[in-house]
Amino acid sequence: MTAPINPAASHHLPPFITAPGETDVLMAIMAVFLVAVVLGVGILFLRLHTLPERIAHRSHKLQFEIVAVLGLLALFTHIHLFWVAGLLLALIDFPDFGGLLGRIARSLEKMAGIKPTQADLEATGEPIDHGGRDEHEPAVSEEPVLVTRAGESEVSTIPELKTGSTRS
């Protein structure tokens, strides 16, 4: 049963006006659209917000953790300066001082005549040179020997033979 149209109403009603008791299709479509837009803008905001962290992670930066913390601070405090600082840190390449200092240390050991231990060679990834040592020769200890001279204790680089005998 359809209700009669009010005589004061126009006889040509637009299609978005629904009759009493019927489902408002336009309102349902707009509700779904509004939820989709809010979710889309939220995902876009979070992707933009994590941009410095993703840049630092992709390029394996040393300062990745600092960039991640700055991103979280910016998210929870709404201070955009943290985000900008994180983005700048993610884009800057800091020099690898550890590798440079390791090379200097290895050069100094070589100049002093100290043979690197096997653990040092494995850590640096350099090939292990056995120096043409024969398999029948006694093995040399890989760790420095503690030598005392006139009451002083210092680390010496004199290798100790692993033949079961002790040094005196």
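Derivation of every value follows stated rules applied to the coordinates shown; laboratory data play no part. The structure presented is a predicted model; accordingly, all values stated were derived computationally and were not measured. Neighbour counts run over all protein chains shown; Cβ positions are idealised from the backbone, glycine included.
Quick one: grab the alpha carbon gyration tensor of the range 27-91, order the square roots of its eigenvalues as a ≥ b ≥ c, and give me rounded if a/c is under 1.5, else prolate or oblate depending on whether a/b is larger than b/c. It is prolate, given that a/c is not under 1.5 and a/b is the larger ratio.
Among the GluC sites (Glu not before Pro) found in the range 1-96, those both in a DSSP coil and sparsely packed, with 10 or fewer other Cβ atoms within 10 Å of their Cβ, are GLU22. Modelled spin labels at LYS110 and LEU75, positioned 7 Å past Cα toward Cβ, are 4.7 nm from each other. Applying the criteria of a DSSP loop state and at most 11 other Cβ atoms within 10 Å to the chymotrypsin sites (Phe, Trp or Tyr not before Pro) of the range 1-63 yields PHE16.
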